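A quick write-up on the structure given underneath.
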Amino acid sequence: LLAAGQGSRIEGATSEPKVLLDLHGRSLLERHLEAWEAVGLQHAVLVVGYEQQLIREAVAALDTPLEITWVDNQEYATKGNTHSMWLGLEASPVGAIVFDADLVYEPAILKRFVEVSDPNSILVGTGSLDDIECAKALMDEGGCVRKTIDKRAITETELQEFSFAGEAIGILSFDASTCAKLTTFTEAFLSDSANAMLNWEHLFNQFLPAHDIACHFEPSDQWVEIDTPEDYALALEKFAPRAQ
């Protein structure tokens, strides 16, 4: 779980880590842990930095049955979430599922994802080519993701070479072998100081062309990546308790 960042774009809604945002009485953190337990995960690596003591206290209060490994990203203010991912992968004993912490999703989405046959997959949902913020996933004819385009438009050349699959939601799965390759690759990527603040989408633009990572498309729209107060309002609306 990549939960080290400050989340400056949502400071008006909270001064706490985004993973502690309340969604109708349950934090994003609590929702993550509950979903992981429900699908049979047993070990969680939590990469923390900004106000990390609040996250540690929240986990202690939840008394989760998951085995927790804490990873302290002391450079969260000067390095992006690729650095957090590298630290988390290094601490993962075998394969790993990587989660952006500012994500809320229907647990059934995760259940379908972990039950796919290919252990190396990127979860992709419905997205728009016109949405600059959308982490756009491009795949080849074999169904493998070959590019992730973040905060820019897709070029005509890219659209001629690949198909637009949708938005990379922020959940990625890798088996032990791919985890090892990705960890080594990420370390080399971060050795260039120009890459320090880049998010994982930029790393994968270099990793994906030479590694087969499947696109797992999820048709449900019951998920939100919370970057802004507007995203938070949408999440509150989507995940409001429904009358039975």
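The values are calculated or read from the model by the stated rules, or taken from the named source; none is laboratory data. Quantities reported herein were computed from a predicted structural model and do not represent experimental measurements. With ideal geometry, Cβ positions are generated from the backbone for all residues, glycine too; neighbour counts draw on all protein chains shown. Surface accessibility is based on the protein's heavy atoms, side chains included, excluding ligands, DNA and RNA. Shrake-Rupley method; radii C 1.70, N 1.55, O 1.52, S 1.80 Å.
Quick rundown of the values:
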read-out: The chain - percent of accessible surface contributed by carbon and sulfur, probe 1.4 Å; value: 49
read-out: Under the Karplus curve 6.51 cos²θ - 1.76 cosθ + 1.60, θ = phi - 60°, whole-Hz ³J(HN,Hα) for segment 186-192, x wherever Gly or Pro sits; value: 5, 4, 5, 4, 7, 5, 8
read-out: Spatially close lysines, pair count over segment 79-193: Cα under 20 Å, gap of eight or more or interchain; value: 4
read-out: Other-chain or far-sequence residues with amide H under 5 Å of residue 68's (modelled H); value: 44
read-out: GNM top mover of 160, 42, 206 - the chain, alpha-carbon springs below 10 Å; value: 160
read-out: Over the chain, relative contact order from alpha-carbon pairs under 8 Å, at least 6 apart, %; value: 25
read-out: Segment 102-207 - Rg over Rh from alpha carbon coordinates, Kirkwood radius; value: 0.96
read-out: The chain, dipole about Cα centre (Lys/Arg Cβ +1, Asp/Glu Cβ -1), debye to the nearest 20; value: 200
read-out: 5 angstrom amide H check on residue 166, placed H, neighbours 5+ away; value: 137
read-out: Extent along principal axes [Cα atoms of segment 1-123; Å; largest to smallest]; value: 40, 33, 26
read-out: Charge context of residue 70, other residues only, Cβ under 15 angstrom, K/R +1, D/E -1; value: -4
read-out: Exposed-loop-free span, longest in the chain, where trypsin sites (Lys or Arg not before Pro) count as exposed if DSSP calls them loop and at most 10 other C-beta atoms lie within 10 Å; value: 1-151
read-out: Farthest toward positive dipole pole in the chain [+1 Lys/Arg, -1 Asp/Glu at C-beta], among 42, 5, 203; value: 42
read-out: Karplus-derived HN-Hα couplings along segment 220-228 (A = 6.51, B = -1.76, C = 1.60, θ = phi - 60°), whole Hz, x at Gly and Pro; value: 5, 9, 7, 7, 8, 8, 9, 9, 10
read-out: Average accessible area per residue (Å²) across the chain - probe 1.4 Å, nucleic acids and ligands excluded; value: 47
